[in-house]
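These notes are about the structure you will find just below.
The values are calculated or read from the model by the stated rules, or taken from the named source; none is laboratory data. Quantities reported herein were computed from a predicted structural model and do not represent experimental measurements. Here the Cβ positions follow ideal geometry from the backbone for every residue, glycine too, while neighbour counts run over all protein chains shown. Ligands, DNA and RNA are stripped out before the accessible areas are found, and what is left, the full protein with its side chains, is counted by its heavy atoms. Shrake-Rupley method; radii C 1.70, N 1.55, O 1.52, S 1.80 Å.
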Amino acid sequence: MDTESTYSGYSYYSGRSRGSHRHGERSRDHHKSRSKDGSRSEKSVTINAPPAEPLLGDSSVLGEEVQDDNWGETTTAVTGTSEHSLSQEDIVRITKDLEDSVGLDCRRYFTLTLAVVLGLLVFLTPLAFLVLPHLLWPDKLLVCGTACEGLFISVAFKLLILLLAVWALFFRAPRAGLPRVFVFRALLAVLVLLFVVSYWLFYGVRILDSQDENYQGIVQYAVSLVDALLFIHYLAIVLLELRQLQPAFSVSVTRSTDGETRQYNLGQLSIQRAALAIMENYYRDFSVHNPALLTASKSRAAKHLAGLKVYNVDGPGNNAATGLAHSQSRAMIAAAARRRDTNHNELYYEEAEHERRVRKRKARLVVAVEEAFTHIKRMQEEEQKKAPGDVMDPREAAQAIFPSMARSLQKYLRTTRQQHCHSMESIQQHLAFCITNNMTPKAFLESYLTPGPTLQYGRERWLARQWTLVSEASVTSGLKEGAIFLLKCIDFSLVVTVKRIPYIQLSEEFIDPKSHKFVLRLQSETSV
């Protein structure tokens, strides 16, 4: 039986908050010194995820994860201090987060309001062109004939098509909050506004002032406006959707902590929209970030550095003694270096022992889960013989068999340092899901034996609510060859390197079909 040390969640939470605060102070001092130096200009902007999908990146949630570390053995009582104590630094951080979120919400609603106002102006303008003559000078208007009435039908259907097209292209749920304005969308909005204003100016000067009597010409004028709006919508589809479909750049995304790398092909995008596409692919393709796997290498490096000691043997004395001291110090450093070179054996045996423990824990876990699922099958066969009111639902069945596998699963997760990624509640929900869909034990274990992508875990396990885009170039500029920018999170950063897809030249070589024909000549040999 493995023994695990139990520690207070309050001390861990407070230490982490103080450590993160000191780290934030050091990073702010570092940025201040760089800004004073002026040797390198660096632009940093922030990309926020949609507020409807909260992402986890606060140290408070990480502190709560430790409290549920012993769910496989005992049930620990958590005091109110560990959950509700807040330091002054935490209050300042929460206040800043609330201010940022309120500012982003105001900007998002302001943009939505402008879009709605512009849309109403666009759709009401053709109708106003048709209605105003009947309201202002109805007696002077000429009778609208059959051709004029047919134009009414044309305007109605074109406006309906334009309404559906605008709804499909623009009125979609926002995926994220970008730090800068989308240039092409702003350009299209300005173009539509100028276009409608120009039509209104011409309508006011040539039709309203003169009170034109030719109503058929007024209707044709409204039809021309609707046609122009449809062409502008086609231009929007080309700029916003079709332009970025053809791959033009290959971006390499590397996580700074463990070096995991992925390659993606992107089209003609700005830096901020490329960053958005990269983050969407990150949550799908990258495995979940596990900081616990990095602590072992750091502790080993610290232990190796502690084994190397250098003494200052140069003291006040004569020159001969100083030279002898130098030679002795060099000898001691060489001996320590030789001892350090033998530490690869220690690393080898540590990794071998860890792999042995993982295989052992995995074997025990597989056996325990298979026995639990076998017990479920027996329970299902017995429940088929019971009355319909006595049948146990999948949630109750999962709670009934979970204790038989809980200890083995907890030991395996601790050995592989995944205990902070899976809570008891999430494991029971996954077990109930597997029971409901009649899945095998291997399907149940796949989520724990192989670390999956970030989206595989619940929203409370996601790593960041806020990302920061750091780029020397403007984030509204397009991708270029050799461009480098960073996507910073709380615990790590994604380093993005851009390379242009090379131009491929294909040549054709003609092969004569007659060159594939061969003649086989046989020589008959007879025995004499």
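Do we find a residue being surrounded by 13 or more Cβ atoms within 10 Å (Cβ to Cβ) and closer than 22 Å to residue 233 by Cα anywhere in the range 137-150?
From the range 137-150, those surrounded by 13 or more Cβ atoms within 10 Å (Cβ to Cβ) are 137, 141, 144, 148; that's our starting set.
The next check asks that each one be closer than 22 Å to residue 233 by Cα; those that pass are none.
No, because not a single residue in the range 137-150 is surrounded by 13 or more Cβ atoms within 10 Å (Cβ to Cβ) and closer than 22 Å to residue 233 by Cα.
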Expected output for the range 158-170 (first residue modelled with pLDDT of 90 or more, partner among the charged types (D, E, K, R) and open to solvent by 60 Å² or more (accessible area, probe 1.4 Å), Cβ below 8 Å, 6+ apart or cross-chain) is none
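Results for (1) open to solvent by less than 20 Å² (accessible area, probe 1.4 Å); (2) hydrophobic (A, V, I, L, M, F, W, C); (3) in contact with a helix residue (DSSP H, G or I) (Cβ under 9 Å, 6 or more places away or on another chain), shown as yes or no for each residue.
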position: 229; (1), (2), (3): yes, yes, yes
position: 232; (1), (2), (3): no, yes, yes
position: 240; (1), (2), (3): yes, yes, yes
position: 245; (1), (2), (3): no, yes, no
position: 249; (1), (2), (3): yes, yes, yes
position: 256; (1), (2), (3): no, no, no
position: 273; (1), (2), (3): no, no, no
Evaluate the following for residue 213: is it surrounded by fewer than 14 Cβ atoms within 10 Å (Cβ to Cβ) and either within 30 Å of residue 420 (Cβ to Cβ) or within 23 Å of the chain's Cα centre (by Cα) (or both)? no
Could you list, in sequence order, the residues of the range 128-153 that are in a helix (DSSP H, G or I) and touching a residue at least 24 places away in the same chain (Cβ under 8 Å)? 129, 130, 132, 133, 136, 147, 148, 151, 152
Filter the range 433-465 for residues that are open to solvent by less than 70 Å² (accessible area, probe 1.4 Å), of a type in the set (A, V, I, L, M) and either at pLDDT below 80 or part of a helix (DSSP H, G or I) (or both) and give the result. 435, 443, 445, 449, 463, 464
Matching residues in the range 109-166 (within 50 Å of the chain's Cα centre (by Cα), within 22 Å of residue 194 (Cα to Cα) and not β-branched (Val, Ile, Thr)) number 20
Residue 507: passes all of (1) free of Cβ contacts under 8 Å to residues at least 24 places away in the same chain; (2) within 36 Å of the chain's Cα centre (by Cα) but (2)
Just to be sure before I move on: is residue 164 in a helix (DSSP H, G or I) and either surrounded by 15 or more Cβ atoms within 10 Å (Cβ to Cβ) or touching a Cys at 6+ places or on another chain (Cβ under 8 Å) (or both) in the structure I sent? no
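Listed residues 350, 382, 396, 346; which is closer than 30 Å to residue 290 by Cβ and either more than 43 Å from the chain's Cα centre (by Cα) or modelled with pLDDT of 80 or more (or both)? Before you say what the answer is, go through the steps one by one.
Values: 382 fails: closer than 30 Å to residue 290 by Cβ; 396 fails: closer than 30 Å to residue 290 by Cβ; 346 fails: either more than 43 Å from the chain's Cα centre (by Cα) or modelled with pLDDT of 80 or more (or both).
When all the criteria are applied, what remains is 350.
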So, of the residues in the range 480-512 that are at pLDDT 90 or above and touching a Gly at 6+ places or on another chain (Cβ under 9 Å), which turns out to be least open to solvent (accessible area, probe 1.4 Å)? 498
Of the conditions (1) surrounded by 13 or more Cβ atoms within 10 Å (Cβ to Cβ); (2) at pLDDT below 90; (3) hydroxyl-bearing (Ser, Thr, Tyr), the single one that residue 199 does not satisfy is (2)
Among the numbered criteria (1) surrounded by 15 or more Cβ atoms within 10 Å (Cβ to Cβ); (2) at pLDDT 90 or above; (3) over 22 Å from the mean Cα position of the chain (by Cα), which single criterion is violated by residue 329? (2)
For the range 262-282, pairs from a residue that is in a helix (DSSP H, G or I) to a residue that is of a type in the set (D, E, K, R), with Cβ under 9 Å and 6 or more apart or across chains, are 272/180; 276/175; 278/262; 280/175; 281/262; 282/255; 282/262
Could you please find all residues in the range 258-267 being more than 18 Å from residue 451 (Cα to Cα) and either loosely packed, with under 15 Cβ neighbours inside 10 Å or at pLDDT below 90 (or both)? 263, 265
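Residue-by-condition table, conditions (1) open to solvent by less than 40 Å² (accessible area, probe 1.4 Å); (2) assigned to a helix (DSSP H, G or I); (3) touching a helix residue (DSSP H, G or I) at 6+ places or on another chain (Cβ under 7 Å):
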position	(1), (2), (3)
187	no, yes, no
190	no, yes, no
195	no, yes, yes
203	yes, yes, yes
219	yes, yes, yes
237	no, yes, yes
